[in-house]
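Report on the following structure.
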Amino acid sequence: MALVNSNYNLKNRGVLYVSITIIAAVFLFAMSVSIVSEFTLDHHIAAVTDVYAQSSVETVKHRDLILDLGNGTKTNAQLTIPAAGEGPFPGVLLLPGSGAVDMNETAGHIRIDNKTGSKIYPSAQPLFQIAEYLSERGFVVLRYDKRGIGPNYTFSDSNAWGNLTFNNLKQDAEKALSVLLQQPEVNAIEKATLFAHSEGTTLAPRVAVDNPDKVKNVMLMGAIAQNALKNVQYYQEVAAPLAYAQRMLDKDHQGLISMKEASEDPVFQRVINQASGTDLAHVLSFIQNNVTETQNRTAQPQSIPSEANVSTINIENELKPALEASYENHTSFSPSMLSSKCLNLIGCPAWVRSHIALDDTLSMIGNVSSNIGILILQGENDSQVPLEQGLLLQQRLTEVDHPDHLLIAYPDLGHAFSPSNEWISSFGPVEQYVLQDMYEWLVSPARGVNEEVR
């Protein structure tokens, strides 16, 4: 059962503020949700932020930087700085999600207008959007390209990308944090906020634990509590497609689905494909071949053709093994693959192995200093990192009695915090009310922060 805080004006947005008690194991648990009464966001700030939205006034300045990540590896970065007001300003560092993403987390390719020569950007650039929004309201924000990555999914250093590990990502984040706090426009005395999305949410708590003298807040968007490869990717590649098959394709609830219907269902294809690029045709071919091999092995000679005619698929005995085989193929590597050059846009063997060896963020989130505020934002229709991941983190912070943490769950929003259905996360602009919640949490007097930011 969920109760909405009646003291907070949701303006028909349906945003859920929750405190969770988890009673059972990982995803199968009973929850009791209580009203969050100790934290109330103030929405009268909307009147103030409207002033900043006037397009005729320059509200943000930009400064390009090059981050030296060590050992000859460098990457591009950019500061967004308030154009109005007197600094120094509070600083925010943005940490992106997984894959070969640039500093803006651009979802798609940047095109060039043939007539004007100007760049045409995809609608989804969540980190750019967040940086602009916060800088318009008084924050200096730093974002940077992942090591080895440039715009349009290009490799600026293929060797750096191919050998990337989780430790590299953490060290890069710590380097960027130090650079941010060295900028003259940044109030280093007040420390900085770490904002992280998806894979970045496994980095931010660890950076905060190791750098409590530099971190004031941690904001986790699409947060990962368990192991990103062993749990979350398994959910994406196995559990989610199985759930779709059971709920949407198995209309008679017999544990069987039609091969023809499954092969022609565009949503099923996207559910399987959205995690690691798995092809539905490959999965169905795996099932076909396995059934044929089994029948040829057990049947009398000449009793069946060399290729069996598979019209139905058993979800548990045929579909699940096929999906698990695909998952294993993405998370285990032969010695030759480990030594060969890798240009995989999702991630290379060194990165995969480093994540598999990583302890769950759930096991260490309780070590974040009680002086560091923690905000968790989760889309209820996130098909890549399910809501349960955020609930697990919230539960752990409650267990250790962390004094300043909040989970906000958004109905109908996906992994990029744009409107999505429960099976496919759409990638569009971040909803404005999500950005507003971030800002209001950062400056809320109820949390005892410096009101000069307002």
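The values are calculated or read from the model by the stated rules, or taken from the named source; none is laboratory data. Here the structure is a predicted model, which is why all the values come from computation and not from measurement. FYI the Cβ positions are ideal-geometry reconstructions off the backbone, even for glycines, and counts take in every protein chain you see.
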message: I'd like to check something: does the range 303-313 contain any residue that is outside the structural domain of Ser426 (by TED's automatic domain parsing), crowded, with 16+ Cβ neighbours inside 10 Å, at pLDDT 90 or above and not hydroxyl-bearing (Ser, Thr, Tyr)?
response: yes
query: Would you call Glu185 of a type in the set (D, E, K, R) and more than 25 Å from the chain's Cα centre (by Cα)?
result: yes
- line: Within the range 181-199, the residues that are crowded, with 23+ Cβ neighbours inside 10 Å and either modelled with pLDDT under 95 or over 26 Å from Lys230 (Cα atoms) (or both) are Val186, Ala192, Thr193
- request: Please give the number of the condition Gly347 fails out of (1) within 16 Å of the chain's Cα centre (by Cα); (2) in a helix (DSSP H, G or I); (3) not basic (Lys, Arg); (4) not assigned by TED's automatic domain parsing to the domain that holds Arg206.
  value: (2)
field: Verdict on Pro122 being modelled with pLDDT under 95, crowded, with 24+ Cβ neighbours inside 10 Å and either of a type outside the set (Asp, Glu) or in contact with a Phe, Trp or Tyr (Cβ under 8 Å, 6 or more places away or on another chain) (or both)
entry: no
- request: Quick one: Lys251 ticks every box in (1) in contact with a helix residue (DSSP H, G or I) (Cβ under 8 Å, 6 or more places away or on another chain); (2) outside any helix (DSSP H, G or I) except a single one, so which number is it?
  value: (1)
query: Can you spot a residue in the range 430-451 that is basic (Lys, Arg) and either under 23 Å from Val92 (Cβ atoms) or touching a Ser or Thr at 6+ places or on another chain (Cβ under 6 Å) (or both)?
result: yes
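Considering Leu194, Leu242, which residue is in the same structural domain as Phe333 (by TED's automatic domain parsing), of a type in the set (A, V, I, L, M) and under 27 Å from Leu391 (Cβ atoms)?
On inspection, the qualifying residue turns out to be Leu242.
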Checking Gln233 against (1) touching a residue at least 12 places away in the same chain (Cβ under 8 Å); (2) surrounded by fewer than 18 Cβ atoms within 10 Å (Cβ to Cβ); (3) farther than 18 Å from Glu318 by Cβ, the condition it does not meet: (2)
- request: Pull up the range 357-386, narrow it to residues that are closer than 26 Å to Tyr439 by Cβ and charged (D, E, K, R), then point me to the one that is surrounded by the fewest Cβ atoms within 10 Å (Cβ to Cβ).
  value: Glu380
query: What number of residues in the range 82-96 are more than 11 Å from Ser135 (Cβ to Cβ), over 30 Å from the mean Cα position of the chain (by Cα) and touching a residue at least 40 places away in the same chain (Cβ under 8 Å)?
result: 2
- prompt: Are any residues in the range 387-417 surrounded by fewer than 24 Cβ atoms within 10 Å (Cβ to Cβ) and part of a loop (DSSP other than H, G, I, E, B), and if so, which ones?
  reply: Val400, Asp401, His402, Pro403, Asp404, Pro411, Asp412
- prompt: What do you reckon, is Gly373 among the small types (Gly, Ala, Ser) and assigned by TED's automatic domain parsing to the domain that holds Pro419?
  reply: yes
